Structures are given as C-alpha cells and as structure tokens.
Amino acid sequence: MNFPFCTIEPNEARVYVPDERFDWLCQLFKPKSEVAAFLEINDIAGLVRGANEGQGLGNAFLSHIRAVDGIFHVLRAFDDPEVTHVEDSVDPVRDLDIISAELRLKDIEFMEKKIDDCEKVLKRSNAKEAKLELECCQKVYDWLKEEKDVRLGEWKTAEIEIMNSFQLLSAKPVVYLINMTEKDYQRKKNKWLAKIHTWVQAHGGGVLIPFSGVLEQKLADMPADEAQVYCKENDLTSALPKIIKTGFAAINLIYFFTAGPDEVRNNLINLKAYGTVAICGAFLRPRL
C-alpha cells in the first residue's frame with residue numbers, strides 16, 4: 001500500500017501467544033482440544049497532523065483506538081520512494097511528536113466536555129460523587145495541558161476508578177515497533193534507533209522492538225521449513241513472537257494452564273476474556 005488512508009475500517013485479526021510450555025503440554029497429553037492464549041489485533045490506518053480535529057479521517061481512527069486496551073505504535077524507519085509519507089519525508093521522531101500530541105489533544109477535548117458535564121450536575125445537586133469526579137477531571141485536564149500522557153501520572157485508586165470509564169487515549173500502554181529494512185534488521189543498526197530511544201526515554205520510557213515488515217512478510221509467504229532455513233542461513237529471527245508476548249504483557253494479561261487428555265487450555269486472568277491491541281501507524285502503515 002503506497003498511499004495514505006487506504007484503510008478506513010480497521011483490519012482485525014487474532015494472534016496466538018507462543019508458549020513452549022503450552023506446546024509441551026499438548027505433545028504430552030495429545031488432547032482432543034487445544035485452546036491457546038491470544039490477542040485481538042486491530043490494524044488501524046495512520047494518523048496525521050490535525051487528526052484530533054478530524055483531519056485525514058482522524059475522528060474515526062481515534063475512536064477505533066479508544067476501543068482497545070493498548071497500542072502498538074509502528075514507526076517507519078526505512079526509506080522507500082514507492083511508499084509515500086504524508087509529511088514527504090521519513091522522520092520517526094517527528095512522527096512520535098505528532099501522534100502523541102494528537103492523542104493528548106483528543107483527550108483534552110474529551111476532558112473539557114467531562115468538566116462541563118460535571119459542573120452542570122453540581123449546579124443541580126451538591127452530590128459528593130460529582131465533586132470528586134470534577135476534581136479528578138480537572139486534575140487530569142491540567143496534567144494533559146502540561147503535555148504529559150495520562151499513563152505517566154501517579155493517580156489515587158479512587159481517581160483511577162473514575163478515569164477507567166473515560167478510555168483516555170494517552171492512558172493506554174504503548175509498545176513501540178520500529179520497522180526497518182531487512183538489511184538494517186539483520187545488522188541491528190539503523191540511523192534512527194538511537195534518536196527514537198532518546199525520545200522514548202524522555203517521554204516516560206517504554207519498550208522498543210525493532211522488526212522488518214518486509215522480512216516478516218517474506219517468512220509468512222514461505223513454507224515453515226523454508227522459512228527456518230532462510231533464517232538460519234541469514235542469521236535472522238522473526239520478531240513476531242517477541243512482539244506478541246510483549247503486547248500481551250503490556251495490557252496486564254496473565255494465564256495459567258489446565259491440561260488433560262480432553263483439553264489443554266491457556267486460561268486468561270483479566271476482567272476481559274482477552275485483550276485488544278491496536279496497531280497505530282504513523283501516517284502510513286509499513287508494508288507487511
């Protein structure tokens with residue numbers, strides 16, 4: 001795909017979490033049913049500058065992000081004249097600034113409306129709950145206005161209970177995926193890696209995972225045995241298992257095993273039966 005906004009509705013997929021212990025249990029019991037842990041992935045088209053005001057179908061894309069539990073933030077760190085960029089140049093650090101700002105700006109807009117609603121409720125009733133919610137909303141709003149993501153704040157338990165219902169975009173955990181060429185991924189070097197790392201550390205830290213979309217597509221198109229040989233000959237390893245496991249952990253999902261001849265199952269422990277993660281690209285999703 002070599003033009004922006006080629007996807008309007010998110011592409012959805014279920015990816016299973018690789019676990020050698022689960023595989024061992026399946027080999028041991030040879031059960032009638034195998035139920036692995038999984039993530040629901042929503043591949044959302046990239047955001048552009050002004051997305052919070054509706055630019056580039058931004059309102060639709062932001063609403064898709066609001067519905068998920070966490071974000072894979074895909075950063076383009078490769079040059080390719082056939083893959084266009086809305087800003088006409090490749091600069092993942094600039095993209096980080098823009099995307100992060102757009103998410104915060106949408107949260108600020110949301111909090112302004114919540115504060116207005118709370119003030120209207122207080123005019124009709126002096127309820128203690130309404131006062132607490134207004135105080136929380138004002139605190140969150142002030143934090144956002146300081147250009148800080150909500151997930152980086154220290155919040156009281158009562159405030160978290162209130163905020164959980166807001167589904168704020170900047171409150172969601174983020175894993176940064178750096179999409180490079182196969183050559184850069186193989187040699188573990190890229191001119192943007194250090195700059196991206198510096199930006200992430202200056203903005204609360206986070207997990208960075210380099211990968212190559214071109215390589216992952218190539219491996220996916222090969223039979224499993226050929227892919228294994230290709231990786232061995234070129235000293236390469238697919239990053240997908242690490243990406244999946246990291247995303248699973250980032251949204252606080254854990255599991256335990258139950259096993260027997262009838263079924264081997266990964267039993268997820270969370271308020272939801274599974275987690276949902278959005279792939280949020282900067283302007284244009286990398287070619288996978």
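The values are calculated or read from the model by the stated rules, or taken from the named source; none is laboratory data. A quick note: this is a predicted structure, and the numbers were derived from the prediction, not measured. All Cβ positions, glycine included, derive from the backbone under ideal geometry; neighbour counts span all protein chains shown. What goes into the accessible areas is simple: the full protein's heavy atoms, side chains included, and nothing from ligands, DNA or RNA. Shrake-Rupley method; radii C 1.70, N 1.55, O 1.52, S 1.80 Å.
Some observations on this one:
- Inverse mean reciprocal Cα-Cα distance (Kirkwood Rh) of the range 155-216, Å: 14.0
- Taking label positions 7 Å along the Cα-Cβ direction at both residue 24 and residue 94, the computed distance is 5.0 nm, reported to one decimal.
- Estimated distance in nm for a label pair at residue 202 and residue 233, the labels positioned 7 Å out from Cα along Cα-to-Cβ: 4.4
- R0 of 45 Å, Cβ-Cβ distance residue 217-residue 165: FRET efficiency to nearest 0.05: 0.70
- For the range 153-168, backbone phi angles converted through the Karplus equation (6.51, -1.76, 1.60; θ = phi - 60°) give residue-by-residue couplings of x, 9, 10, 6, 4, 5, 5, 5, 4, 5, 5, 4, 6, 7, 6, 5 Hz, Gly and Pro being listed as x.
- If R0 equals 35 Å, the separation of the Cβ atoms of residue 15 and residue 157 corresponds to a calculated FRET efficiency of about 0.60.
- A Förster radius of 25 Å, combined with the Cβ-Cβ distance separating residue 128 from residue 63, puts the computed FRET efficiency at roughly 0.20.
- The range 236-261-the range 148-221 distance, computed between alpha-carbon centres (Å): 17
- Straight-distance crosslink candidates among lysines, where the alpha carbon sits under 29 Å from residue 218 and sequence neighbours closer than 8 are dropped: 183, 188, 189, 191, 195, 232, 242, 245
- Local net charge near residue 31, Cβ-Cβ under 13 Å (Lys/Arg +1, Asp/Glu -1): -1
- Taking 100, 125 and ordering them by how much accessible surface each has at a 1.4 Å probe, largest first, produces 125, 100.
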